[in-house]
Amino acid sequence: MVREPPFSLDSSMKLKELKTQVYDLWQGYITYHSRAVVQPADFNADIRREFGDLRRKSTWERAFCRYSALHSRIGLLDADRLIWSDFNFTPDREDYPYRHRIFEEWLSLPEGLEMIKTGLEILFRDYTSEEREEADGFLELVKEQRAAGKLAGVPVGLVGAVPAR
Amino acid sequence: MDLLGQSQPVRGRVDGVTVRKDFTQTIKAKGGSNRAYGRATARMTEELFGCTTDELYEHTGARAGDRSTLPQDAQTAYVVGEVAATHRLKNTEIAGNQQQRDEQVVDTVQESSREVKGLFPWNW
């Protein structure tokens, strides 16, 4: 009897799950950020207009990354939330395979980089070193970005001050 | 409630940072996802101030994303809102799939915020 392996080499999200997630992010952004009434019937047309052919998985992946970033604009009272929650990507998260694309979408937003800097400052002001270690998913992300020659504007001095797990 | 029995002793004096951490940790403990924090904060802000967090920062001239730069009255209102929401969340059963739990967290925070908004003179 052939048994399914408990993991898949393709860790990207399944199409159905992607669509479910994009819908939740899309309706969340409209409801909480734009403060408009969601028209569910507009969903497919909106995604098609912004991202293209709905039959392609790549369309939904682009929409997922974009709306994940946009969703992080919601209720951003404290920018450090981006560090220990939104972009604290760990392998158990289903958006982990998309972490770099989501983060790059965030950095493309006005004030995206500024918010990361503010978040890091708060992290070092209001949290103990023990608490900061919980943000190691973000610190890994930054290291990977730096290794790829990106993120020149993020103060690595701050990031480097946190010991790796 | 039994104050001594239910509340953990702390070594330091409770301040706004402590209150905020208690609030976010309670959302997490109740099974709220990463999306629940922002949504709950958006609802609390709308109830307490009648605007979004972006608008609050813009109108007060504070530094976006850093609440310690907001006017003192705004900061204390958030402390009250978060204390109220934390107690309400702890005493509310949150269940269902992820989206349902997130909705219940957000609704609970909104209800408790609605109850305390009348304490603040700008809402009179």
### Message
Can you tell me which condition A:GLY28 does not meet? The list is (1) in a helix (DSSP H, G or I); (2) away from chain B (no Cβ under 14 Å); (3) over 12 Å from the mean Cα position of the chain (by Cα), and all the others hold.
### Response
(2)
#### Entry: Verdict on A:LEU151 being aliphatic (A, V, I, L, M), surrounded by fewer than 20 Cβ atoms within 10 Å (Cβ to Cβ) and more than 14 Å from every other protein chain (Cβ to nearest Cβ)
no
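Rundown of residues vs (1) more than 28 Å from B:THR53 (Cβ to Cβ); (2) modelled with pLDDT of 95 or more; (3) touching a His at 6+ places or on another chain (Cβ under 8 Å), yes/no style:
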| position | (1), (2), (3) |
| --- | --- |
| A:LEU9 | yes, no, no |
| A:LYS14 | yes, no, no |
| A:VAL22 | no, yes, no |
| A:SER34 | no, no, no |
| A:CYS65 | no, yes, no |
| A:LEU77 | no, yes, no |
| A:LEU82 | no, yes, no |
| A:ASN88 | no, yes, no |
| A:TRP106 | no, yes, no |
### Query
Can you tell me how many residues in segment A:124-151 are of a type in the set (A, V, I, L, M, F, W, C) and over 20 Å from A:ALA69 (Cα atoms)?
3
### Summary
Of B:VAL79, B:VAL19, B:VAL83, the only residue that is of a type in the set (A, V, I, L, M, F, W, C), closer than 30 Å to A:PHE89 by Cβ and at pLDDT 95 or above is B:VAL19
### Summary
From the option list A:GLU114, A:GLU121, A:GLU131, single residue qualifying as within 22 Å of B:ASP66 (Cα to Cα), at pLDDT below 95 and within 11 Å of chain B (Cβ to nearest Cβ) is A:GLU131
## Note on the structure
Counting only residues in segment B:55-73 that are more than 7 Å from chain A (Cβ to nearest Cβ) and buried (at least 19 other Cβ atoms within 10 Å of the Cβ), the one nearest to A:GLU114 (Cα to Cα) is identified as B:TYR57
### Summary
Exception for B:THR52 within (1) farther than 17 Å from A:THR31 by Cα; (2) at pLDDT 95 or above falls at (1)
### Summary
Residue pairs qualifying under the 8 Å Cβ cut-off, at least six apart or on distinct chains, with the first in segment A:39-62 being closer than 19 Å to A:LYS14 by Cα and the second being among the acidic types (Asp, Glu) and in a loop (DSSP other than H, G, I, E, B), are A:THR59/A:ASP53
### Task
Residue by residue through segment A:93-110, note down the ones that are assigned to a loop (DSSP other than H, G, I, E, B), touching a helix residue (DSSP H, G or I) at 6+ places or on another chain (Cβ under 9 Å) and more than 13 Å from A:GLY137 (Cα to Cα).
A:GLU94, A:SER108, A:LEU109
### Query
Counting just the residues of segment B:99-124 that are among the charged types (D, E, K, R) and crowded, with 18+ Cβ neighbours inside 10 Å, which one comes out farthest from the other protein chains (Cβ to nearest Cβ)?
B:LYS117
### Query
Considering segment B:8-58 alone, what residues qualify as being closer than 22 Å to A:VAL22 by Cα and β-branched (Val, Ile, Thr)?
B:THR41
### Task
Being part of a helix (DSSP H, G or I), within 14 Å of another protein chain (Cβ to nearest Cβ) and surrounded by fewer than 16 Cβ atoms within 10 Å (Cβ to Cβ) is the filter here, so list the residues in segment B:84-98 that pass it.
B:GLN98
### Query
Which of (1) farther than 30 Å from B:ARG67 by Cα; (2) more than 14 Å from every other protein chain (Cβ to nearest Cβ); (3) surrounded by 13 or more Cβ atoms within 10 Å (Cβ to Cβ) does A:GLN39 not meet, given it meets every other one?
(3)
### Query
If you go through segment A:36-90, how many residues are among the aliphatic types (A, V, I, L, M), in a helix (DSSP H, G or I) and more than 20 Å from B:ASN34 (Cβ to Cβ)?
3
### Task
Could you grab the pairs with beta carbons closer than 8 Å, sequence gap of 6+ or different chains, first residue in segment A:86-99 and among the hydrophobic types (A, V, I, L, M, F, W, C), second one assigned to a loop (DSSP other than H, G, I, E, B)?
A:PHE87/A:SER72; A:PHE89/A:ASP95
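The values are calculated or read from the model by the stated rules, or taken from the named source; none is laboratory data. A quick note: this is a predicted structure, and the numbers were derived from the prediction, not measured. Reconstructed Cβ throughout: ideal geometry from the backbone, glycine too, with neighbour counts over all protein chains shown.
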